[in-house]
Amino acid sequence: QVQLLESGGGLVQPAGSLSLSCAASRSIYSIDAMGWYRQAPGKQRELVATIASRSITNYAVSVKGRFTITRDNAKNTLYLQMNSLKPEDTAVYYCNAFNWGANYWGQGTQVTVSM
């Protein structure tokens with residue numbers, strides 16, 4: 001098992017930047033894949049970006065070129081750098097770890113993009 005704790009959300013103006021962090025309760029070196037998902041009010045949870053254990057990344061079309069996912073295995077931490085934010089990026093962002101067929105989720109952090 002692994003527990004995940006997100007941080008770094010907040011209110012930002014359009015075109016601004018935010019950086020999210022996800023601290024894991026144990027080593028993430030061997031975790032198959034980690035990722036960020038988001039859920040806006042009234043919508044289903046959707047994939048934002050994932051990163052595999054060999055640092056292979058995958059992004060949703062809507063964030064490609066604006067968001068960057070990285071993992072620091074030494075610090076047991078997953079990151080999401082978000083640039084050029086748009087109002088439609090407003091959502092609760094969740095950290096995810098997928099390992100041995102099981103999904104683990106953080107509690108989420110709110111990101112609001114507004115004037």
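The values are calculated or read from the model by the stated rules, or taken from the named source; none is laboratory data. Everything numeric here is computed off the predicted structure, so don't read it as measured data. Here the Cβ positions follow ideal geometry from the backbone for every residue, glycine too, while neighbour counts run over all protein chains shown. These accessible areas exclude ligands, DNA and RNA; they are computed on the full protein's heavy atoms, side chains included. Shrake-Rupley method; radii C 1.70, N 1.55, O 1.52, S 1.80 Å.
Points to keep in mind about this one:
- Solvent-accessible surface of the chain, taken per residue with a 1.4 Å probe and all protein chains present: 55 Å².
- Shown for the chain: the carbon plus sulfur share of the solvent-accessible area, taken with all protein chains present and a 1.4 angstrom probe, equals 51%.
- Contact order relative to length of region 60-115, as percent, for alpha carbon pairs under 8 angstrom and 6 or more apart: 27
- Evaluated at q = 0.12 Å⁻¹, a Debye calculation over the C-alpha positions of region 1-75 (equal weights, vacuum) places log10 I(q)/I(0) at -0.37.
- The chain - percent relative contact order, Cα under 8 Å, separation 6 or more: 37
- Shown here for region 33-115: trypsin sites (Lys or Arg not before Pro) in loop regions (DSSP other than H, G, I, E, B) with at most 12 other Cβ atoms within 10 Å, namely K43, R54, K64, K75.
- Sites matching chymotrypsin sites (Phe, Trp or Tyr not before Pro) across region 29-115 that sit in DSSP coil, with at most 14 neighbouring C-beta atoms within 10 Å: Y29, W100
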